[in-house]
Each structure stands twice: as C-alpha cells, then as structure tokens.
Amino acid sequence: MRILVTGCAGFIGFHLTARLLQAGHDVLGVDNLSTGQQRSVADLRAHARFRFREHDITNPLPVEARFDQIYNLACPASPADFQTRRLEILATCSAGVKNMLELARRCDARLVHASTSEVYGDPQVHPQTEDYRGSVNPIGPRSCYDEGKRFAEALITAYRTQYGLETRLARVFNTYGPRMRPDDGRCLPNFINQALRGEPLTVYGDGKQTRSFCYVTDLVDGLVRLASCDVVEPVNLGNPSEIAINDLAHEVIRLTGSDSSVSHTPAPPDDPQVRCPDITRARRELDWKPLVERSEGLLRTIEWFKSNS
Ligand code: UDP
C-alpha cells in the first residue's frame, strides 16, 4: 500500500513508520520537525521505500500522489508543550486535521487518527471506557491539547457521517519506549535520565496519581490492526496495568540500579489523578492486547537512554 504518516519524526510516528516499511509498504513521512527528531528521519531514510517531506500540516500538503491510508499522528503531545505551543497545538488539531481529511477525501484514503486519553481529562470514571465523555477544563493549562483532540474527533466524525469517509479513531494512552525525546518533560524520560545521573527523581505532587504505560511496539501493533478493522467508533489503545507515579519512580531506580532518591515538587494544575484504559473494545474488535511487561519495556527503554543520552 501507499501510506502517508504525519508526525513521522515523533516518537510513535517513527516506530509506526518503521513497522509499515518493514511490512513492505511505501511510506511518505511528513513532519515539520517542531518536536520531531531529525535523527529519526535520517534513520528512516535508510529504507528505499521511504520518502520524507518537511511540512506543517496546518497548510495543505502539495502532493499529486495518492494514498491508500493516512495515519495522522502530527501534534506536539507532551504536557510541557501544552504551555509553550498552545496555538500550534490548536491549529494542528483543527486546520491540520481538516487538511488531512480533505486529502483523504481526494485520494479516497482511509484516515487513522491518533486521538488521546486526554479526551477523558481528569476522569471521574475509572478505568475509562470509550463511552465515558470525560471531565475536561476548557480553559485550563491542558485545554489546548484536550479540547483540540476532542474537536478533532468531532471533525473526523462529521467527515465520516457527512461524506462517508473511511475514518478510524485511536485513543492513545501513555506510551513509552526507545526514542522518546529525552527532554520532552514526561515522567519516564525525566526519571530515567535522573536515575542514570544519580540525581533525585522529581515526583510532582504526592505521587499517588496513576498512569498506565504501554510499550511502543504494542501500541503500533494496535494502530495497524485498527487501520484494517471495521470499527468506526473510538478505540482505547493502552496498557491497563496501572501504577502510581511514586511507585514508578522507585521501579526506575531499581531497574537502573541507581542510588538516586525521590524528591517531591508541587503538582501541576489539572494533573489527571487517575488514568487507565478499559481495552475491552480493542480486545474484542482488534483481537489486540499489550504483550510487553512493564519491567521488560522499561529495561529496553533504559538501555536505549544509556546509549543515546
Ligand atoms: N510527572 C512527575 N515528574 C516528572 C514528570 C511528570 O511526577 O518529572 C508526573 C505528572 O505530574 C503526571 C505523571 O507524572 O502525574 C505523568 O506525566 P507525563 O508528563 O509523563 O504524562 P501525562 O500522563 O501527564 O500526559
């Protein structure tokens, strides 16, 4: 197939693109490199069937080529970006998604969109099922991303129902693995780097808030399965193994063999207190579940940070 991947220089975008190339597809990768990594593009260029276009999807993509599938992953996604790139995120989730939908219409391509667990906000229902409508502060510090992604889901649904466009919606939960940006501000890159340097691990707040971490190859497998299934409703993709951030910090200390301590700094406003996917729909419709245990995934990620930071 001929496939377009936006955000190919990002963490998940790189792994997805590599997987599609391995499967024998031709891939055009697009990224504006605002948060994506040049090095990932350079590594993807080793594949003969990969082409790269530096481009911001908030502008229409000037290509004649036709695509069978479009994976839309372009968007800054770290909470640190939510403070510094608010307008960029809102534009990417609105004009950017609209441009990709128009391109999909023109090519008669199927659009697979990376939505997010952030559509559930600070959830009052736990674990989160796809039916849960969320608890989002529309003017809070995370609103550009949360509301942007919610708007994108509405826009994609409108194109599907109004034009009959083939669309798929993945709600991606916390994902980790090699090639996370070391300085993206997320807890795992921070904790691993701090542990490797022997510095205190900075836990925000009391550390009782929870997350559920999915290894990136599992997540990519879910995206690829979603692209070829019949489900048009959103599908949660994440690992339902939930852990408190405090416990995660201690797990990283143990797995790195570090003698770092844990320090606490004030919690950021609107930090979701719990997050865990209900993956019943993905299990049933995609026959998908995560396979990589957290300890195994963390060891692989730590090894990568050791050799690449
Ligand atoms: N966090 C932390 N220390 C850090 C970075 C993040 O304690 O150095 C916390 C953050 O407040 C949140 C959780 O870890 O409760 C996950 O944060 P992350 O930025 O990785 O992703 P999020 O799930 O918030 O998008």
Point to revise | Pair list, Cβ under 7 Å, 6 or more apart: the range 3-15 residue closer than 19 Å to ASP184 by Cα and at pLDDT 95 or above, other residue of a type in the set (Phe, Trp, Tyr) and in a loop (DSSP other than H, G, I, E, B) | key: none
Check your understanding: For the range 225-309, which fully contained strands (runs of 3 or more DSSP E) count at least 1 residues that are touching a residue at least 60 places away in the same chain (Cβ under 8 Å) and closer than 27 Å to ILE70 by Cα?
Key -> 235-237
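Condition check ((1) under 25 Å from LEU44 (Cα atoms); (2) modelled with pLDDT of 95 or more) across all residues:
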| residue | (1), (2) |
| --- | --- |
| LEU169 | no, yes |
| GLY177 | yes, yes |
| PRO182 | yes, no |
| PHE191 | no, yes |
| VAL203 | no, yes |
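Residues to consider are LEU291, LEU298, LEU237; find the one that is farther than 19 Å from GLU118 by Cβ, crowded, with 21+ Cβ neighbours inside 10 Å and either more than 21 Å from the chain's Cα centre (by Cα) or of a type outside the set (Ser, Thr, Tyr) (or both). Don't jump to the end; show me each part of the working.
Numbers: LEU291 fails: crowded, with 21+ Cβ neighbours inside 10 Å; LEU237 fails: farther than 19 Å from GLU118 by Cβ.
Unique residue meeting the criteria: LEU298.
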Check your understanding: Out of all the residues in the range 188-224, which are part of a loop (DSSP other than H, G, I, E, B) and under 17 Å from the mean Cα position of the chain (by Cα)?
Key -> PHE213
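Could we say that GLU242 is under 18 Å from the mean Cα position of the chain (by Cα) and surrounded by fewer than 19 Cβ atoms within 10 Å (Cβ to Cβ) here?
Values: under 18 Å from the mean Cα position of the chain (by Cα): yes; surrounded by fewer than 19 Cβ atoms within 10 Å (Cβ to Cβ): yes.
The answer is yes for GLU242.
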Review point. Hey, among PRO272, PRO277, PRO234, which residue is within 16 Å of the ligand (Cβ to nearest atom) and touching a strand residue (DSSP E or B) at 6+ places or on another chain (Cβ under 6 Å)?
Key: PRO277
**Study point:** Residues of the range 137-165 satisfying the condition of being under 22 Å from ALA74 (Cβ atoms), surrounded by fewer than 20 Cβ atoms within 10 Å (Cβ to Cβ) and among the β-branched types (Val, Ile, Thr)
**Key:** THR157
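Does the range 42-55 include one or more residues that are within 16 Å of the ligand (Cβ to nearest atom), touching a residue at least 24 places away in the same chain (Cβ under 8 Å) and part of a helix (DSSP H, G or I)? Spell out the reasoning first.
Just the residues of the range 42-55 that are within 16 Å of the ligand (Cβ to nearest atom), to begin with: none.
Scanning the range 42-55 turns up no residue that is within 16 Å of the ligand (Cβ to nearest atom), touching a residue at least 24 places away in the same chain (Cβ under 8 Å) and part of a helix (DSSP H, G or I).
The values are calculated or read from the model by the stated rules, or taken from the named source; none is laboratory data. The shown structure was predicted, so the numbers you read here are calculated from the model rather than taken from an experiment. Here the Cβ is made from the backbone with ideal geometry for all residues, glycine too, and neighbour counts use every protein chain on show.
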